[in-house]
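Worksheet for the structure shown next.
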Amino acid sequence: MILSNLKSKSSSIVLSATLLLSPLTVIMPNLNHPVLAQSNQINLLNQGKGTWSLGRTKPMNITSASVTIGTDNKAQITLFLSDHRTVRLDGDFSRQSATQGRINLTNSGMADAQGSLLLEYKRDNTISLLNGQGTLDGQNFRTIFRGNQTSSKPENTPNLNIQQSGEGLFTLQSRPNQNITSVFVSVDSQQKARVSLIFQNGNSFNFEGRQTQKDAYSIRIQVDRSGMADATGFFTVELGAGNSINNLIGQGTLDGQNFLANFR
């Protein structure tokens, strides 16, 4: 399992490499009203409260959670912890009702995982309950998460939350190329933006900045801070029908090294 350590640093850009224990990055603001990015999969994204316990370590608070279920019933779960780390779990989804099912775990990125999670969600794509237990790399885990049950925001809200699977490539001068399998894009009402890139091997990078341009077809995000790294750059997100992502491109520097990203 792989963990992402994300620490804010003023006047820098964004990027945090994940450590051993989980992979995903953090998308904290305004997760209460996610956008379905693709009609052929289920995307659930929600703030709430919960706990994550692994082995003998101190239980951690969960602040938000994400679940993606593809047409092949492959599920990807991401738990966002209060210390800005993330936990990723993958498995097979078995539907029990229109808004309930069980996820039988198969792995966590490159780590072994076994067990099952009960998933309950609402028709507005918010998570009601995520509850389960199992083993991760030979250690017992236990988790429970309840999503905030708040009313949906008006359709004209300036907030944007998109979660989408697809294909892409991320290159950083000093590291091997990484295949991108999904992205998160979030913009709040103050134009604060986050872009998270999730890789095939379970790792992820997180970028933070501000939305500087927007029209009917695209947004531009200027990256201005990161975890431990100094960087500058931008992302341009070309939007499709239903606020899906047609294309995402990014470029800049991280600790003086060039990076490029392309996803569709």
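Annotations
- Within-12-Å neighbourhood charge of Trp52 [Cβ basis; K, R +1; D, E -1]: +4
- Placing a pseudo-label 7 Å from each Cα along the Cα-to-Cβ vector at Thr71 and Asp230 gives an inter-label distance of 4.8 nm.
- Pairwise label distance in nanometres, Asp255 with Gln41, each label 7 Å out on the Cα-Cβ vector: 3.0 nm
- Theoretical FRET efficiency, 1/(1+(r/R0)^6), r = Cβ-Cβ of Ser189 and Arg102, R0 41 Å, to 0.05: 0.70
- Computed about its Cα centre, the charge dipole of segment 47-149 is approximately 320 debye, with only Lys, Arg, Asp and Glu carrying charge at their Cβ.
- When each of the peptides 213-220, 192-199, 247-254 is scored by how many other beta carbons lie within 10 Å of its residues on average, the order from highest to lowest is 192-199, 247-254, 213-220.
- Using a simple spin-label model with pseudo-atoms 7 Å out from Cα toward Cβ, Arg123 and Asn177 lie 4.5 nm apart.
- For segment 43-83: rounded, prolate or oblate by the Cα gyration tensor [a/c cutoff 1.5]: oblate
- Computed over the alpha-carbon atoms, segment 155-263 gives an Rg to Rh ratio of 0.95, Rh here being the Kirkwood radius from the mean inverse distance.
- Long-range HN-HN contacts of Gly115 with modeled amide H, under 5 Å: Leu105, Thr135
- Percentage, to the nearest whole number, of Cα pairs in segment 69-153 over 16 Å apart: 54 percent
- Rh (Kirkwood; distinct C-alpha pairs) - segment 167-215, Å: 12.0 Å
Just so you know, all these numbers are worked out from the coordinates, no wet-lab data involved. Predicted, not measured: the structure shown is a model, and the values here were computed from it. As a convention, Cβ positions derive from the backbone with ideal geometry for all residues, glycine included, and neighbour counts pool all protein chains shown.
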